[in-house]
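The values are calculated or read from the model by the stated rules, or taken from the named source; none is laboratory data. Here the structure is a predicted model, which means the values were calculated and not measured. Reconstructed Cβ throughout: ideal geometry from the backbone, glycine too, with neighbour counts over all protein chains shown.
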């Protein structure tokens, strides 16, 4: 009797287990783990990644700092940023025009004998204003309406050296790009026409 009871209990427990397995297989995807263990990340890998990231950031910062600092050699110009900083009224120049290197020199031409003599050029920072921004000079009464009219008639623009608050030297300058820039000369590229005004 006890043996029969044990056998019937064993059968019932086996039947329950098989039903549970079938219900699990029906609702759970294959290869499902009820308690998946997360992959262990080694602290050495995390440290390596942190070191590499910090080296990259430090490299970018050092590169930018070296690029933005002025050259230790005053006889060279390494970037256009140096020219932009040296321009008279750099904020106004960048907003309303473009910084420039101004060369002052005189040319002496003799006819008998025919010869050309040049003075030593004097280089100084300057600024060329866009034609649409001449009002900057007019508001400060640095150019007269007659000078503006005359400069417009010739399709020119204004350039200046010296700060606007001081005693600037302002000239009506002519844009001449017809000759082209031989540093940028590429085959098949024609120079900009002179009517393409700044």
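Restricted to the stretch 79-104, and to residues there that are surrounded by fewer than 11 Cβ atoms within 10 Å (Cβ to Cβ) and in a helix (DSSP H, G or I), the residue that is modelled with the highest pLDDT is 91.
State which residue is nearest to the chain's Cα centre (by Cα) when the search covers only the stretch 137-148 and only residues that are surrounded by 10 or more Cβ atoms within 10 Å (Cβ to Cβ) and outside any loop (DSSP other than H, G, I, E, B). Let's see the steps before the verdict.
Going residue by residue through the stretch 137-148, those that are surrounded by 10 or more Cβ atoms within 10 Å (Cβ to Cβ) are 137-138, 140, 142-144, 147-148.
Of the ones still in play, those that are also outside any loop (DSSP other than H, G, I, E, B) are 137-138, 147-148.
Numbers: 137: 29, 138: 32, 147: 37, 148: 35 Å.
That would be 137.
Of everything in the stretch 65-78 that's within 28 Å of residue 167 (Cα to Cα) and surrounded by 12 or more Cβ atoms within 10 Å (Cβ to Cβ), which residue is modelled with the highest pLDDT? Out of the qualifying residues, it is 77.
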